[in-house]
Structure formats: C-alpha cells, structure tokens
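**Student:** The structure's right below; bear with me while I get my questions together.
The values are calculated or read from the model by the stated rules, or taken from the named source; none is laboratory data. No experiment lies behind these values; they were computed from the predicted model shown. Cβ sites come from the backbone with ideal geometry, for glycine too, and all protein chains shown count toward neighbours. Remember, those area values only see protein heavy atoms, side chains included, never the ligands or the DNA or RNA. Shrake-Rupley method; radii C 1.70, N 1.55, O 1.52, S 1.80 Å.
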Amino acid sequence: MIKVIQGDITTLAVDAIVNAANQVMLGGGGVDGAIHRAAGPELYEACLKVPEVRPGVRCPTGEARITPGFNLPAKFVIHTVGPVYRDGQHGEPERLAACYRNSLALAAENGCKSIAFPCISTGIYGYPKEEAAKIAVRAVREFLAAKNAKDARMEVVFCCFSERDAAVYERLLS
Ligand code: ADP
C-alpha cells in the first residue's frame with residue numbers, strides 16, 4: 001500500500017523512516033539535521049559505528065544503512081544517499097531508484113511493515129521534484145509488485161514536507 005502525507009517525517013510512528021543522508025553519515029542539513037535532532041545524540045554515536053567503506057564514506061550513493069531510531073517514534077532510521085543532480089545524464093536516475101530499492105530491501109530484511117520516505121535528493125542535492133517523484137513512485141511500485149505477498153503488504157509512505165510536493169505525488173499515484 002502506498003500513501004502520501006504532508007508533514008515532518010520525524011513525527012511519524014512507522015517502523016522505519018528514511019534519511020536523505022550524505023556519504024559520511026554523521027548528520028547535515030535539511031531532513032538529515034531534523035532527524036538527528038529528533039533522534040538525539042545516540043543516533044550520531046550509532047552512525048559513527050557504521051564502518052567506513054573508504055575514508056569518509058559510510059554509505060556510498062544509492063546504498064542504504066540501518067540504525068535504531070532512538071528518541072524518534074520510528075523504530076529504525078534507514079540512511080540512504082541520493083545522487084547530487086547535475087543534468088540527469090550522469091547516472092542520477094539509476095542511483096536515485098537504487099536508494100528507494102535498497103531502503104525497501106533493508107526494511108524488509110529487518111521485519112519492517114511500514115516505511116516513510118522523504119523526497120530524496122530534491123533539497124540541497126537539487127534533483128528536479130517531478131522527475132524525482134516519478135522515479136520514486138516507479139521504484140516503490142516495482143518493489144511491491146516483485147515481492148512475495150508478505151512484503152507486498154508493507155505500507156510505504158511518501159512524506160512530503162511541502163503541500164506542493166504532496167500534490168505531485170498525489171497526482172502520480174492517482
Ligand atoms: P538532499 O540533500 O537529499 O537533497 P534535503 O534534506 O536537502 O536532502 O531535502 C530532501 C527533502 O526533504 C526536501 O524535499 C525537503 O523539503 C525535505 N525535508 C526537509 N525537512 C524535512 C522533514 N523534517 N520531514 C520531511 N521532509 C523534509
């Protein structure tokens with residue numbers, strides 16, 4: 001099931017919220033900062049413990065990592081790193097789709113029945129909103145369609161910070 005809501009992802013009582021993180025995974029601006037503030041300092045400590053795959057990189061672009069949610073109502077935070085948008089011709093669509101796919105797979109592996117996504121890459125990383133939303137919707141639909149009946153029951157929430165973003169998702173899903 002897919003739902004769209006407008007609001008602050010840090011308030012959602014779902015099994016996992018997804019963080020639009022950066023590769024070093026130690027907090028930042030936008031939704032990342034909001035999640036770290038709401039989860040409390042333990043989230044930073046948990047992120048520090050995620051092993052680096054190379055210096056300064058805990059989570060390469062398109063991949064996902066999981067931590068507890070600490071003070072958040074959500075049980076887990078799934079950290080994923082969206083692509084920085086250049087012109088759409090540098091692998092951005094594939095890497096953005098991979099963020100959604102890998103986050104969903106990690107949620108399923110950890111027994112999550114509900115997950116909420118922010119509009120990954122559409123803030124500081126500059127991905128055009130409409131294009132990003134199309135990729136997000138397609139990736140989630142494909143994941144839910146390909147999974148067995150159990151995972152297909154996962155509730156996926158697109159949590160849009162603005163009314164305008166929510167309207168884009170509502171239209172694409174109708
Ligand atoms: P990125 O670096 O991946 O572009 P940003 O955090 O800058 O990440 O922006 C991603 C999206 O998250 C934007 O659409 C922004 O409006 C949204 N956002 C910012 N704060 C929140 C929040 N508290 N809850 C949900 N979405 C948020």
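**Student:** Can you give the relative contact order of the range 2-173 as a percent, counting alpha carbon pairs under 8 Å and 6+ residues apart?
**Tutor:** On the way: 337 pairs, mean separation 50.9, N = 172.
Contact order relative to length: 30 percent.
**Student:** Which aspartates and glutamates, if any, have their Cα less than 12 Å from the Cα of K75, not counting same-chain residues under 8 positions apart?
**Tutor:** Here the aspartates and glutamates satisfying the reach criterion relative to K75 are D15.
**Student:** Arrange the peptides 42-51, 99-108, 67-76 so that the one whose residues have, on average, the most other Cβ atoms within 10 Å appears first. Walk me through the numbers before you get to the answer.
**Tutor:** Values: 42-51: 14.4, 99-108: 22.5, 67-76: 18.8.
Highest to lowest by the protection proxy: 99-108, 67-76, 42-51.
**Student:** Given the Cα-Cα distance of R37 and E131 and 0.36 nm per residue of separation, how much length would full extension add, in nm?
**Tutor:** Details: separation 94, 0.36 × 94 = 33.84 nm, distance 2.93 nm.
So the extension gain works out to 30.9 nm.
**Student:** Run the accessible area of the range 1-144 with a 1.4 Å probe and give the carbon-and-sulfur part as a rounded percent. Please list the in-between numbers first.
**Tutor:** Details: 3330 of 6270 Å².
Roughly 53 percent, rounded to a whole number.
**Student:** Quick check for you: with a 1.4 Å probe and neighbouring chains kept, what is the accessible area per residue of the range 2-173, in Å²? Mind dumping the intermediate values first?
**Tutor:** Values: 7970 Å² over 172 residues.
Per residue, the range 2-173 has 46 Å² of solvent-accessible surface.
**Student:** Which residues' amide hydrogens lie under 5 Å from the amide hydrogen of Y127, considering only partners 5 or more residues apart or on another chain, with H built in the peptide plane?
**Tutor:** For Y127, the qualifying residues are Y85, T122.
**Student:** Using θ = phi - 60° and the Karplus relation 6.51 cos²θ - 1.76 cosθ + 1.60, list the HN-Hα couplings for the range 58-71 in order, rounded to whole Hz, with x at every Gly or Pro.
**Tutor:** Listing the rounded values in order: 8, 9, x, 3, x, 9, 9, 9, 10, 9, x, x, 6, 6 Hz.
**Student:** If you don't mind, another one. Restricting to DSSP H runs of at least four residues, report the calculated mean residue ellipticity at 222 nm for the chain, -39500 (n - 2.57) per run over all residues, nearest 500 deg cm²/dmol.
**Tutor:** Numbers: 6 runs with 69 residues, N = 174.
It lands at -12000 deg cm²/dmol.
**Student:** I need the shape label for the range 94-166. Rule: rounded when a/c is under 1.5, else prolate if a/b > b/c, else oblate, with a, b, c from the alpha carbon gyration tensor.
**Tutor:** Details: a/c = 2.08, a/b = 1.79, b/c = 1.17.
Here the range 94-166 falls in the prolate category.
**Student:** Among residues other than M25 whose Cβ falls under 15 Å from its Cβ, what is the net charge (Lys/Arg +1, Asp/Glu -1)?
**Tutor:** Values: positive: K49, R54, R58, R65; negative: D32, E42, E45, E52, E63.
So the environment of M25 carries a net charge of -1.
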